[in-house]
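Asker: Sharing a structure with you now.
The values are calculated or read from the model by the stated rules, or taken from the named source; none is laboratory data. Because the structure is predicted, anything quoted here is derived from the model rather than measured. All Cβ positions, even for glycine, are placed from backbone atoms using ideal geometry, and neighbour counts span all protein chains on display.
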Amino acid sequence: MGLLLAVPLLGSAAVLGLLYERPTLLQNLSLGQSLLYFVVAGLTMALALTPTTFVAIISGYYFGWAGLPGMVAAYALAAALGYELARRLDHGKLRTLLHHFPKADAVLAELQTQSWSLIILTRLSPVLPFALMTFVLAIVGVARRRFLAASVLGMLPRSLFFYWLGTKAQDVLALLRNPDEGTLSKLVLVGLVIASLFGLYFVFNRALQRVLQRNAAN
């Protein structure tokens with residue numbers, strides 16, 4: 001998990017250096033090259049090599065709104081690959097461990113019944129790393145189809161905002177160094193974080209209360 005937090009910073013720094021040396025690298029790409037870009041973007045996000053907001057800004061700057069479907073597809077690819085990788089690495093070990101802690105296991109089971117809201121709220125926050133949350137949600141046992149659909153839906157608000165910033169940017173390198181520059185950006189980011197935190201608190205609290213009520217009834 002430490003790697004999933006640190007590696008995106010190193011990956012984004014490497015891409016920044018590459019774009020600084022070759023600022024026209026992603027300009028005037030053919031259709032095949034554009035498709036390859038989004039596939040590579042999906043792979044790097046799945047492997048925690050680049051942050052999702054970073055990819056949104058770059059894609060918006062170089063591809064404009066015509067590249068939006070490609071970015072959404074790249075997110076879906078990253079979520080699917082990250083999910084499969086986490087499940088293969090974990091092999092159910094976390095759930096086996098939680099069986100030794102009945103209360104925690106019961107809360108987790110309750111959260112799974114609210115997984116749609118849980119995933120959307122997790123993806124909504126721009127401060128929760130994409131790859132890390134993919135790993136966590138996958139190993140706790142969220143259903144695959146629901147995970148993929150809710151991940152894409154939850155990512156759209158913040159991703160569209162950063163994509164829009166990319167389309168409006170005059171200097172993409174300056175924007176990438178400070179993506180929350182400006183009053184509007186700060187307000188949107190704070191709003192997304194608050195909505196995500198309050199929503200997650202409500203979901204976790206409701207799950208806990210239901211488990212406590214069942215235990216009291218028994």
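Asker: Mind checking which pairs have a first residue in region 197-208 that is closer than 13 Å to S115 by Cβ and a second that is of a type outside the set (A, V, I, L, M), Cβ under 6 Å, 6 or more apart or different chains?
Answerer: From region 197-208, the pairs are V203/Q114; V203/S117; A207/E110.
Asker: Can you tell me which of V39, V72 is within 13 Å of the chain's Cα centre (by Cα), assigned to a helix (DSSP H, G or I) and either of a type in the set (D, E, K, R) or modelled with pLDDT of 90 or more (or both)?
Answerer: Matching residue, one of V39, V72: V72.
Asker: I need the full set of residues from region 21-34 which are modelled with pLDDT of 85 or more and over 19 Å from G166 (Cβ atoms), in order please.
Answerer: If the condition is that a residue be modelled with pLDDT of 85 or more and over 19 Å from G166 (Cβ atoms), then S30, L31, G32 are the ones that fit.
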